[in-house]
Amino acid sequence: MSASLSSSSVSPSAPASGAAPTQADLLDFVRRTAADAELIASLPLDPEGRTWVRLDGPAGSEAWLIGWPPSTGTGWHDHAESVGAFLTAAGELKENSLATRLPTDGWRTLELSEGVDRERRLPAGKGRSFGRDHVHEVLNESTEHHAVSVHAYYPPLPRIRRYSRAGQVLRLEQVERPEDWQ
């Protein structure tokens with residue numbers, strides 16, 4: 001279930017001289033947005049499915065406020081050519097990621113090297129930025145409490161590639177385009 005609220009009351013700050021926002025700009029935006037307690041509290045939370053509201057991000061970026069019910073996650077995915085940042089505004093999220101660059105196209109199954117797995121715990125107020133082709137999954141492992149997070153991407157997401165994982169084998173399962181989640 002998705003929610004539809006008006007855009008954030010946080011003013012997006014444009015990077016200097018109209019340049020594209022950097023990972024640092026996006027991280028600053030999600031940090032400032034997550035500090036808006038009224039906005040965070042306004043997100044309707046569904047007990048069974050994630051909820052989201054699109055926000056106005058800085059300098060043409062795409063931004064989202066996302067509610068995570070207990071025991072939910074994204075599954076393995078990337079944001080293609082976009083750089084991004086996200087920050088937990090309430091609750092705690094866990095990010096599992098791969099410390100390796102994947103081939104961008106032309107493969108369906110890939111054997112991952114040992115030692116590429118990374119894990120981060122992101123309690124309220126903690127976040128991170130990431131570069132292009134960053135493969136990760138985000139989870140709310142709490143069995144009792146919702147989490148809320150703020151995300152920003154630039155350029156706006158051209159596609160999301162979704163993967164399945166069994167041990168060290170990563171398999172491309174689906175490619176989503178913006179019209180699939182609008």
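The values are calculated or read from the model by the stated rules, or taken from the named source; none is laboratory data. In this text, all values refer to a predicted model and were calculated from it rather than measured experimentally. Cβ atoms come from the backbone with ideal geometry, glycine included; neighbour counts cover every protein chain shown. Side chains included, ligands, DNA and RNA excluded: accessible areas come from the protein's heavy atoms. Shrake-Rupley method; radii C 1.70, N 1.55, O 1.52, S 1.80 Å.
Summary table
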item	result
More than 24 Å apart - percent of Cα-Cα pairs taken over the stretch 83-182	29 percent
Pairwise label distance in nanometres, residue 41 with residue 166, each label 7 Å out on the Cα-Cβ vector	4.8 nm
The stretch 121-171: C-alpha gyration tensor shape, a/c 1.5 cut-off, then a/b vs b/c	oblate
Contact order relative to length of the stretch 116-178, as percent, for alpha carbon pairs under 8 angstrom and 6 or more apart	20 percent
Label-point separation in nm, residue 105 to residue 176, each point 7 Å along Cα→Cβ	2.2 nm
Answer label, with Rg/Rh (Cα atoms, Kirkwood Rh) calculated from the coordinates and candidates [x] 1.23; [y] 0.95; [z] 1.01	[y]
The chain, relative contact order in percent, only Cα pairs under 8 angstrom and at least six apart counted	28 percent
Principal-axis tilt of helix 23-34 within the chain, Cα atoms, nearest 10 degrees	50 degrees
Computed log₁₀ I(q)/I(0) - Debye formula, equal Cα scatterers, no solvent, the stretch 75-122, q 0.19, 0.29, 0.31 Å⁻¹	-0.81, -1.35, -1.39
The chain, accessible surface, carbon-and-sulfur percent (1.4 angstrom probe)	49 percent
The stretch 75-139: GluC sites (Glu not before Pro) in DSSP coil with no more than 16 other Cβ atoms inside 10 Å	81, 114
Where the chain is the region considered: accessible area per residue in Å², 1.4 Å probe	48 Å²
